[in-house]
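The values are calculated or read from the model by the stated rules, or taken from the named source; none is laboratory data. Please read these numbers as outputs of a predicted model, since none were measured by experiment. Cβ: placed from backbone, ideal geometry, glycine included. Neighbour counts: every protein chain shown. All accessible areas refer to the heavy atoms of the entire protein, side chains included, with ligands and DNA or RNA removed. Shrake-Rupley method; radii C 1.70, N 1.55, O 1.52, S 1.80 Å.
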Amino acid sequence: MTAAITAMITAVVGVLGTLFAPMLAHRMTARQRKEEAELADTRRRFEERRAQYTAMNRASRQFHTLLKDALHRIRDGVYTEQERTQLEEARLDHRDRYAEAQMIVPERILQASRDLNQVLANADGAVKRLDRGLARDGETVTRILENLGAASPYLDTMRELMREDLGIAD
């Protein structure tokens, strides 16, 4: 090969390198931006789920606690309008958190929440009937408290599934 051909090949390679370098840099930058956007989206979804799980767990436990408190206060004859209002607010908050969760959480967590909701809704209806003096046959504070005790394993299962979904291992 002659020096002239070598110089020409070197010049062509140099010119092509100069022309393609910005395109290559652009592609690499675009790929990096895409990866960063995917990472940000993954992080956003994780934070959204975590916030939803926290709200669902808190609302479910608050509703459960206020149902137990209502039953004890009904039994003792000291159930007040303020407590009725608190229980209703907790019920509505629980319902709203569940409705929000239906849009973003996995089905297995929704199923655990449905199992819990069934126990809580039955207890809520019984509390309202007892409070109004319209209890069904066999509906007593003691029996409803026993039935409401079935919510504890559901609360624990729901919490464990949420933690597992978030990647929290014990």
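Pick out, in residue order, every one of the trypsin sites (Lys or Arg not before Pro) in segment 87-170 that is DSSP loop and has at most 12 other C-beta atoms within 10 Å; say none if there are none.
Passing sites in segment 87-170 are ARG136.
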Would you mind checking the radius of gyration and Dmax of segment 9-156 based on alpha-carbon positions, in Å? 27.8, 99
Which FRET efficiency, nearest 0.05, do ARG129 and ARG58 yield, Cβ-Cβ r, R0 30 Å? 0.65
Ordered by residue, what ³J(HN,Hα) values in Hz, to whole numbers, does segment 65-81 give under the Karplus form 6.51 cos²θ - 1.76 cosθ + 1.60, where θ = phi - 60° and Gly and Pro are x? 5, 5, 5, 4, 4, 4, 5, 5, 6, 5, 4, 8, x, 10, 7, 10, 4
Any idea what angle helix 151-165 forms with the longest principal axis of the chain, computed on alpha-carbon atoms, 0 to 90 degrees, nearest 10? 0 degrees
Using helices alone, I'd like the mean residue ellipticity at 222 nm for the chain: each DSSP H run of four-plus residues gives -39500 (n - 2.57), total over residue count, nearest 500. -30500 deg cm²/dmol
Can you compute the charge dipole magnitude of the chain about its Cα centre, using +1 on each Lys and Arg Cβ and -1 on each Asp and Glu Cβ, nothing else charged? Give it in debye, rounded to the nearest 20. 360 debye
If I take R0 = 45 Å and measure r between the Cβ atoms of THR6 and GLU36 in this structure, what FRET efficiency does the formula 1/(1 + (r/R0)^6) give, to the nearest 0.05? 0.55
With every protein chain present, what is the per residue accessible area of the chain (1.4 Å probe, Å²)? 66 Å²
For ASP137 and ARG43, extending 7 Å from Cα along the Cα-Cβ vector and measuring point to point gives, in nm, a value of 6.2 nm
Of every hundred units of 1.4 Å-probe accessible area on the chain, the number belonging to carbon and sulfur atoms, as a percent, is 56 percent
Explain nothing, just compute: Karplus ³J(HN,Hα) = 6.51 cos²θ - 1.76 cosθ + 1.60, θ = phi - 60°, for every residue of segment 122-127 in order, whole Hz, x for Gly and Pro. 4, 5, 4, x, 5, 4
Given 0.36 nm per residue, what is the gain on full extension from ARG50 to GLU88 after removing their alpha carbon distance, in nm? 11.1 nm
Heavy atoms of ASP131 accessible to a 1.4 Å probe, total area in Å² rounded to 10: 60 Å²
Report, to one decimal in Å, the Kirkwood hydrodynamic radius for segment 99-140 based on all distinct Cα pairs. 11.9 Å
